[in-house]
Amino acid sequence: MISRSRLCALLAASMLMSSLMGMSSMAAIVEGINGGPGVSMETSTEAAPDGSIVTDQAPTDAAGSNTGAQAPQGTGQPQTVHPGTGSSQTVGPGQSDATSGPGYTPGVPDNSFTDAMLLASRGIDNSDLSLTQEAESVGPDPVLGQVPETHGQLMQTNGMLSDGFTSNMGFFNSPTDGFSGLKLRINVGIGDIFYRVYTDEHGWTKWAMNDMVTPLYGDNAKVTAVQIRAQGYTRNLYDVYYRVQLNDGTVLDWAHDGQTAGTMGTGRYIQSIQMKLWTKGMRFYEPTAQHMVANAYEGVTYDASGLAVYSTASGVPYTGWAYDTLGNKYYFVNNGRVNGWQYIDGYKYLFDQNGVVVRDLEPIMGKTGDYIIKLNKDMKTLTVYTRDGENGYIIPYKVFLTTVGDDTPIGTYKTYVKYRWKFMHDNIYCQFCARFYNGFLMHSLIYQDSPDSYHFEPGSYNEHGKRRSDGCVRLTAGDAAWLYNNCPTGTSITIYNDEWIMGPLDRPAIEWAIPMTQNYDPTDPAITGQSL
């Protein structure tokens with residue numbers, strides 16, 4: 001079993017990797033202003049912009065106006081531009097020629113270039129990721145003492161969901177002739193699990209997440225390949241392994257963390273599937289070399305320098321988004337990754353020198369002081385946008401995980417009053433609050449009995465993004481503080497539903513659990529002493 005010190009070292013490597021990936025930092029924090037823990041409460045009522053009087057508690061039946069705001073759309077082809085110019089001039093595709101050279105063989109899986117080697121190629125000490133020890137697949141996590149487990153079901157070709165199977169079971173066989181969809185969740189553990197399936201008739205589905213069923217086409221097309229990946233605390237401690245058995249009895253080797261398992265275009269389909277969680281740093285001693293039929297591989301591979309390229313099983317060049325086994329997100333044009341500033345699907349993204357999309361632009365752009373907010377209620381993902389000159393607010397600047405509720409209103413609003421600390425109802429308090437509609441606010445997670453940073457309710461942190469609120473938008477203290485201090489009164493917030501597209505920067509996750517005895521939010525600026 002892996003030691004606590006070893007796990008901490010692994011976490012440090014993971015957090016450093018997240019920094020390289022440009023993910024938003026949990027330490028988005030600011031010193032308390034206009035008071036601090038223990039300050040007196042604001043008045044419990046105030047006038048809304050329309051003159052009506054609103055109360056502290058979110059209403060049980062709030063109907064917000066729906067403006068029908070949609071994310072901007074574009075051609076999907078990236079355009080390389082200079083940062084901050086607002087220009088849409090095309091100066092080149094921005095793609096790399098990394099589809100040739102030593103170490104790259106089209107159609108061959110990336111087993112020769114391990115996660116540990118990739119980390120080392122990017123300057124990260126990978127001594128704790130060397131696969132040298134053989135161990136049991138998974139033990140309890142070091143914070144909550146839980147043994148994590150995934151749970152799955154197959155959508156059968158007859159339209160019925162199968163019985164459940166878990167990551168501590170052997171092969172689970174589809175009760176019917178193949179299956180048409182997949183439903184997964186992390187049954188025990190903190191974080192998210194993502195998955196998609198491939199059929200010869202329709203190609204890859206969109207990514208499903210956390211108890212969603214992958215999109216169905218109604219024609220009983222059979223799944224021939226799958227990809228499964230996780231993120232957050234569980235992913236930081238354990239790898240997700242999976243393998244499949246085809247309808248002709250062929251048992252393929254294990255894939256992991258988003259690799260493709262199965263077959264494409266061979267007339268065969270998946271009949272059985274098996275999953276495991278495996279402690280990071282421990283040797284996985286079962287075969288991993290051949291998780292697709294023949295040498296035709298589909299997915300992200302690496303060249304000799306550890307830089308991403310894309311391989312397609314069909315040999316047809318690929319253009320689009322993809323993830324590697326570390327969770328890095330890339331955009332490829334004809335199998336080559338793009339770099340620098342790019343216009344894609346109506347947004348302006350920045351990709352680092354490795355081709356990974358940057359998920360927090362504040363270190364690069366600084367504080368622009370000009371933001372709008374869009375919140376995907378279905379995905380509980382809040383994205384902050386900044387302006388790209390005359391092109392408008394199309395630069396995804398930061399992304400935050402939220403907790404929302406059934407009553408969270410849909411529509412476009414503006415914040416109109418703020419509270420440093422606020423009594424909500426019963427014995428609940430929150431900090432860094434901004435009201436945007438009637439009784440609804442954006443605010444921190446929950447504090448009990450007192451407006452004090454050391455009266456935190458730890459369950460609201462570990463279950464952030466999964467619990468339901470009364471309708472307000474909850475964020476970690478650090479994220480709420482960033483919005484409170486950088487988005488002035490009058491900032492636009494659009495709340496919409498899209499169950500299949502998280503947002504341009506995807507959905508973040510809780511990266512490290514806190515003990516249920518901990519009485520403070522680890523991102524709280526009053527605790528960390530950091531400021532924005």
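The values are calculated or read from the model by the stated rules, or taken from the named source; none is laboratory data. Because the structure is a prediction, the values reported are computed rather than measured. Neighbour counts are summed over all protein chains in view; Cβ atoms, including those assigned to glycine, are modelled from backbone coordinates with ideal geometry. When the accessible area is computed, the model is the full protein with side chains, heavy atoms only, and any ligands, DNA or RNA have been set aside. Shrake-Rupley method; radii C 1.70, N 1.55, O 1.52, S 1.80 Å.
Taking chymotrypsin sites (Phe, Trp or Tyr not before Pro) across region 190-247, the ones in a DSSP loop with at most 13 further Cβ atoms lying within 10 angstrom of their Cβ are Tyr217.
To one decimal place, what orientation-averaged projected area in nm² is obtained for the convex hull of the Cα set of region 147-281? Orientation-averaged projected area of the Cα hull: 7.3 nm². Taking the alpha carbon gyration tensor of region 410-532, multiplying each eigenvalue by 5 and rooting it gives semi-axes of 22, 18, 15 Å, largest first. Here r is the Cβ-Cβ distance between Ala294 and Asn427 and R0 is 51 Å; the resulting FRET efficiency, rounded to 0.05, is 0.20. Kirkwood's formula applied to the C-alpha pairs of region 246-375 gives a hydrodynamic radius of 17.4 angstrom. Anything over 31 Å Cα to Cα? Flag those among Lys183/Lys380; Lys183/Lys377; Lys183/Lys374; Lys348/Lys380; Lys183/Lys367; Lys329/Lys367, in the order listed. Where the Cα-Cα span goes over 31 Å, the pairs concerned are Lys183/Lys367. Given their separation in residues at 0.36 nm each and the Cα-Cα distance between them, Gln530 and Thr489 gain 12.4 nm when the chain is fully extended.
In a fully extended conformation the segment linking Asn187 and Asp378 would gain 66.8 nm over its present Cα-Cα distance, using 0.36 nm per residue.
If you wrap region 300-392 in the convex hull of its Cα atoms and look at it from every side, the mean projected area works out to 7.8 nm².
Taken along its three principal axes, the alpha carbon spread of region 157-216 comes to 35, 25, 17 Å, from the longest extent down to the shortest. Region 216-248 and region 301-355 have their alpha-carbon centroids 21 Å apart.
For region 240-307, the solvent-accessible area with a 1.4 angstrom probe is 30 square angstrom per residue.
To the nearest 20 debye, what charge dipole does region 253-396 have about its Cα centre, counting +1 at the Cβ of each Lys and Arg and -1 at the Cβ of each Asp and Glu?
320
For a Förster distance of 30 Å, can you work out the FRET efficiency between the beta-carbons of Asn519 and Phe171, rounded to the nearest 0.05? In this case the efficiency is close to 0.10. Which residues in region 465-483 have a backbone N closer than 20 Å to a point placed 7 Å from the Cα of Asn497 along the Cα-to-Cβ line? Taking a point 7 Å out along Cα→Cβ of Asn497, the residues of region 465-483 whose backbone N falls under 20 Å are 465-474.
Given R0 = 45 Å, the distance between the Cβ atoms of Met160 and Tyr285 translates into a calculated FRET efficiency of 0.80.
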